[in-house]
Amino acid sequence: MDKVFSMKLVTGDELLARLAGEDEEWFDLDQPMTIAMTHQGMAIVPLLAMAKEQPRIRVRKGNVVAYAEAHPEFGNKYLESVTGIATVPAGGIELASR
């Protein structure tokens, strides 16, 4: 499974994304999403909501306050939203016996 990272920016925004690469000055992020509050609670939404496609973007490391691997629950929700594939927790599938 791809590792999903959470990044807190100097603006206060929090991103969820797969880290595609980095160099001394930049993080390259695939399909970054952010957290939005809705009337139904928290939602994961595209960072560039008006973009035709969710691109790979570059974030300057100087704009990142902190980053870490995302909690599995949020990482799985991120992957589900960008791939359309839902993950099943370990032990969550039961096979019918014949």
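Read-outs: derived from the displayed coordinates by stated rules, not from any lab. These figures come from a predicted structure and were not determined experimentally. Every residue, glycine among them, receives a Cβ derived from its backbone with ideal geometry; neighbour counts consider all protein chains shown.
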Quiz item: What ranking do 47-57, 18-28 get when scored by the average of other Cβ atoms within 10 Å per residue, highest first?
Solution: 18-28, 47-57
Exercise. Treat every Asp and Glu Cβ in the range 4-83 as -1 and every Lys and Arg Cβ as +1, leave all other atoms uncharged, and give the resulting dipole magnitude about the Cα centre to the nearest 20 debye.
Key: 220 debye
Practice problem: May I have the extent of the alpha carbons of the range 4-83 along their three principal axes, as whole Å values ordered from largest to smallest? | Solution: 39, 26, 23
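Once the Cβ-Cβ distance between residue 83 and residue 24 is put in as r, and R0 is 22 Å, what FRET efficiency do you end up with, to the nearest 0.05?
0.15
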Quiz item: Net charge near residue 31, counting Lys/Arg +1 and Asp/Glu -1 over other residues with Cβ under 14 Å of its Cβ?
Solution: +1
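Among 6-13, 36-43, how do they line up by average Cβ neighbours within 10 Å per residue, starting with the highest?
Per-residue mean Cβ counts within 10 Å order the peptides as 6-13, 36-43.
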Quiz item: Once the dipole of the chain is set up with Lys and Arg at +1 and Asp and Glu at -1 on Cβ about the Cα centre, which of 19, 41, 63 lies farthest towards its positive end?
Solution: 41
Quiz prompt | Helix 72-83 vs. the chain, principal-axis angle (Cα, 0 to 90°, nearest 10) | solution = 90 degrees
